1. Less than 13 Å Cβ to Cβ from Ala99, Lys/Arg counted +1 and Asp/Glu -1: what total charge do the surrounding residues give?
2. From the mean inverse distance of alpha carbon pairs (Kirkwood) and the Cα radius of gyration, derive Rg over Rh for the range 2-97.
3. Please state the relative contact order of the chain as a whole percent: Cα pairs under 8 Å, 6+ residues apart?
4. Could you give each residue of the range 176-188 its phi-based ³J(HN,Hα) in whole Hz, using Karplus coefficients 6.51, -1.76, 1.60 with θ = phi - 60°, and x for Gly or Pro?
5. Report the FRET efficiency, 1/(1 + (r/R0)^6), for Ser311 and Arg416, where r is their Cβ-Cβ distance and R0 is 30 Å, rounded to 0.05.
6. What translational diffusion coefficient, to the nearest whole µm²/s, does the range 119-266 have by Stokes-Einstein, given a Kirkwood radius computed over alpha-carbon pairs, a temperature of 37 °C and 0.692 mPa s viscosity?
7. What ratio of Cα Rg to 2.2 N^0.38 Å holds for the range 209-274?
8. Return the calculated 222 nm mean residue ellipticity for the chain, to the nearest 500 deg cm²/dmol, obtained by summing -39500 (n - 2.57) across DSSP H runs with n ≥ 4 and dividing by the residue count.
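Just so you know, all these numbers are worked out from the coordinates, no wet-lab data involved. Since we're looking at a predicted model, the values are computed, not measured. Here the Cβ is made from the backbone with ideal geometry for all residues, glycine too, and neighbour counts use every protein chain on show.
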Amino acid sequence: MPFRIATFLIASCACAAVAAGLFGPKLVWPGAWMGALAWLALDAWRAQRLLHVLRNDTAALPSRGSGVWGELSERIRKLLRTREQQTRQAEDRLQEFLAAIQASPNGVVLLDAQGRIEWCNQTAAAQFGIDVERDLLQHLANLVRDPIFITYLASWNYSRDVLIDAPAQGMPRRNHPTRLSVQVHPYAGNRRMLLTRDITSLEQAEAMRRDFVANVSHEIRTPLTVLAGFVETLQTLPLDAEERARYLALMAQQSTRMETLVNDLLTLSRLEGSAAPTASQWTRVRALLAHCEDEAKGLSSRLTPLGHRLSFTVDADSELSGAPVELQSAMSNLLSNAVRYTPGGGVVVVTWRVLQDGRGEYAVRDSGPGIAAEHIPRLTERFYRVDRSRSRETGGTGLGLAIVKHIAQRHGAELRIDSTVGQGSRFALVFPASRVREARLLAKA
Ligand code: ADP
């Protein structure tokens, strides 16, 4: 301010001096007035110029200038630059924030006060079949026509979520509907944020758990009922020694059945709960097959007086890496199935060979009844049986192939099933090359 007064006075005095010098002392005051007017005109012009720049193009603000207007311009320029930086940072943060919501596996939809879509992430767009460009500002209730959802949205009571099927056009085609959990959270007055979660696999897992518990209870209840019946008979009826012995044998059979079931269940839970087997333990395939052969021969003679024609061929003397107990269990399971489902006198051929690409294949082929194609994809499901009575008669639990599949997965192996009704079946375990090596390496190591 002192600077402005000083320049004002200087301009007035200078003009007064010039006027007095040129036209005599009488014109000192008019000269001073002229100087003051000139100063004011210049000042007004500079103020006007700054205003003009501010109105039109702030980028053209002069960076340096003299006097108050120069300083004002410089300060405004700095202030604007700081503001611009802050705006850019806020925009960047907003973009990052939106990118994070985009990356979320859950769907997010923002609705305005009228229930129109303001923004949604890709997950929600896919779940609801929203076209992000076309459907912006569309009423969500027009796109998601599920009555449960429409009632929920209109209720303004969002204390819990609702479960709906994703609109058919929204999700990629699957053979089961996609189930969504949708919950609305009001914010900023009467705006709403809608969160969605795909709970299809959760519901499937829950259904599987329920089925599993029901199946286990059924499998245990059946022999238990039989046992209870025998106990009651023994308690109430006067039986001779021979009859008693027969009943006790039948009771022993039922308790063995329960024990096998419990053992298989424990095996399954152990397989699920333990770490994958290391690749450092090697077992000779011949040893595994020898054990299988002993078991199969015993089982065959127990099941049928005719027995089976069993053959075992090892094409390459190899070793397999993994958990020996599990490998043995998987191999024995496939072989015992072949023996159990192939009628007496039938053929069961077991082979081990190393494929050209280094993978190892353990295969069991039988001349049994074969399995219809529609059953094959479901054979490894727990308690899935094609021939229920044959399974029970021969001591099956319905868990054998589920165990085999688990063991295969843990060893990176593939379970292949080929079967033709009336011609027999072929079950094979194909182990990755990394788990197969020549047997002589063991001797060297
Ligand atoms: P189970 O204890 O009943 O044998 P698995 O899981 O081992 O249970 O097998 C599932 C079903 O697959 C069996 O109930 C049977 O119907 C069918 N199956 C398995 N192996 C054979 C086979 N070699 N020949 C015919 N059917 C088989």
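1. -2
2. Taking Rg over the Kirkwood Rh, I get 1.30.
3. 9
4. My calculation for the range 176-188 gives 9, x, 7, 9, 10, 9, 10, 9, 9, 10, x, 8, 6 Hz in order.
5. 0.90
6. 162
7. 1.44
8. -18000 deg cm²/dmol
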